[in-house]
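> First, the structure itself, so that you have it in front of you.
The values are calculated or read from the model by the stated rules, or taken from the named source; none is laboratory data. Just so we're clear, the structure is a prediction, and the values are computed from it rather than from any experiment. Cβ sites come from the backbone with ideal geometry, for glycine too, and all protein chains shown count toward neighbours. The accessibility values were calculated without ligands, DNA or RNA, using every heavy atom of the protein model including side chains. Shrake-Rupley method; radii C 1.70, N 1.55, O 1.52, S 1.80 Å.
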Amino acid sequence: MKYYLLFGPPGAGKGTQAKLLVEKYNLRHVSTGDLLRREIAAKSELGLAAKALIDAGNLVDDSIVEKMIENEIDCNPAVPGFLFDGFPRTVAQAEALDALLAKRGESLSKVISIIISDSLVFERIAHRAAIEGRKDDSNPEIIENRIKTYHQKTELLVSYYKERGKYFEIDGEGTIEDIFKKISDLI
């Protein structure tokens, strides 16, 4: 089984690349946001616990997200691999993912980081806001905070995965096809 983690700042094209990777390699795309929404809609035990936290204005506990990811892996034994998007976001979550995979005698295959400049992040998000009408994508202060948060949170994860020989960067500037080829070459 292969396990990949796709990193990149907002606007780096992770969603676009994830769709292409899933199609080409038949990977199971694991987005924590999608998992949370699905569990909440299904009113599962995990979904109800997550909803209670969200409704109270709290972040969903790592243990709930980790259990959802474990369930996703357990429920899809026939896929050749998984592509994680949005998890892990902290070193504690990375350690939990490592422990989960180690229980299975497996490990994360590669962390692929799509690198783009902060100025390109602004440009791409503004373009996305115009196309999709997303109000959160049109506020420069919100975009600046997202970039700052991304840099603060991922720097620790970059070091964590570099130390383990799992971290690979690709230049995220160029055409969708060029970037996809770079990622495919790593896979």
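> Of all residues in the range 40-64, which are under 19 Å from the mean Cα position of the chain (by Cα) and either at pLDDT 85 or above or outside any helix (DSSP H, G or I) (or both)? Walk me through how you get there before you give the answer.
To start, the set of residues in the range 40-64 that are under 19 Å from the mean Cα position of the chain (by Cα) comprises 50, 59-64.
Those that are under 19 Å from the mean Cα position of the chain (by Cα) and either at pLDDT 85 or above or outside any helix (DSSP H, G or I) (or both): LEU59, VAL60, ASP61, SER63.
> Okay, next question. State which residue pairs qualify: first residue polar (S, T, N, Q) and inside the range 145-160, second residue at pLDDT 80 or above and part of a helix (DSSP H, G or I) in any location, beta carbons under 9 Å apart, and separation of 6 or more residues or different chains.
SER159/VAL91
> I've got another one for you. Name the residue that is least open to solvent (accessible area, probe 1.4 Å), counting only residues in the range 4-60 that are over 16 Å from LEU83 (Cα atoms) and of a type in the set (Lys, Arg).
Ranking the qualifying residues of the range 4-60, first place goes to LYS51.
> Cβ contacts < 7 Å: first residue without any contact (Cβ under 8 Å) to a residue 12 or more places away in the chain and farther than 20 Å from ARG89 by Cβ, restricted to the range 36-60; second residue hydroxyl-bearing (Ser, Thr, Tyr) and open to solvent by less than 80 Å² (accessible area, probe 1.4 Å), any location; separation 6+ or different chain. Result?
none
> Restricted to the range 167-181, and to residues that are outside any strand (DSSP E or B) and without any contact (Cβ under 8 Å) to a residue 60 or more places away in the chain, which residue is least open to solvent (accessible area, probe 1.4 Å)?
Just the residues of the range 167-181 that are outside any strand (DSSP E or B), to begin with: 172-181.
Next, only the ones that are without any contact (Cβ under 8 Å) to a residue 60 or more places away in the chain stay: 173-175, 177-178, 181.
On the way: GLU173: 85, GLY174: 48, THR175: 66, GLU177: 129, ASP178: 80, LYS181: 120 Å².
The extreme case among them is GLY174.
> Assess whether ALA18 counts as being touching a strand residue (DSSP E or B) at 6+ places or on another chain (Cβ under 9 Å), part of a loop (DSSP other than H, G, I, E, B) and farther than 17 Å from ASN76 by Cα. Talk me through it step by step, then tell me what you get.
Working: touching a strand residue (DSSP E or B) at 6+ places or on another chain (Cβ under 9 Å): yes; part of a loop (DSSP other than H, G, I, E, B): no; farther than 17 Å from ASN76 by Cα: yes.
No: the conditions fail for ALA18.
> Also, I was wondering about something else. Working only within the range 136-166, note down all residues that are among the acidic types (Asp, Glu) and either assigned to a strand (DSSP E or B) or open to solvent by 40 Å² or more (accessible area, probe 1.4 Å) (or both). If you could, list the steps in order and put the result at the bottom.
Start the filter on the range 136-166 by keeping residues that are among the acidic types (Asp, Glu), which leaves 136-137, 141, 144, 155, 163.
Result: ASP136, GLU141, GLU144, GLU155, GLU163.
> For residues that are of a type outside the set (A, V, I, L, M, F, W, C) and touching a helix residue (DSSP H, G or I) at 6+ places or on another chain (Cβ under 8 Å), scanning just the range 123-135, find the one that is least open to solvent (accessible area, probe 1.4 Å). Steps first, answer last, please.
Pass one, the range 123-135, residues of a type outside the set (A, V, I, L, M, F, W, C): 123-124, 127-128, 132-135.
Keeping just the survivors that are touching a helix residue (DSSP H, G or I) at 6+ places or on another chain (Cβ under 8 Å) gives 128, 134-135.
Details: ARG128: 63, ARG134: 83, LYS135: 171 Å².
The selected residue is ARG128.
> Being in contact with a Lys or Arg (Cβ under 8 Å, 6 or more places away or on another chain) and of a type in the set (A, V, I, L, M, F, W, C) narrows it down to one residue among LEU101, LEU83, LEU48, LEU120; which is it?
On the way: LEU101 fails: in contact with a Lys or Arg (Cβ under 8 Å, 6 or more places away or on another chain); LEU48 fails: in contact with a Lys or Arg (Cβ under 8 Å, 6 or more places away or on another chain); LEU120 fails: in contact with a Lys or Arg (Cβ under 8 Å, 6 or more places away or on another chain).
The conditions single out LEU83.
> Now for a different question. Looking at the range 77-117, which of its residues are within 19 Å of the chain's Cα centre (by Cα), assigned to a helix (DSSP H, G or I) and loosely packed, with under 15 Cβ neighbours inside 10 Å? Before you say what the answer is, go through the steps one by one.
At the first step, the residues of the range 77-117 found to be within 19 Å of the chain's Cα centre (by Cα) are 79-101, 107-117.
Then keep just the ones that are assigned to a helix (DSSP H, G or I); that gives 91-101.
Matches in the range 77-117: VAL91, ALA92, GLU95, ALA99.
> Any residue in the range 61-76 that is touching a residue at least 40 places away in the same chain (Cβ under 8 Å), within 28 Å of GLU173 (Cβ to Cβ) and surrounded by fewer than 19 Cβ atoms within 10 Å (Cβ to Cβ)?
no
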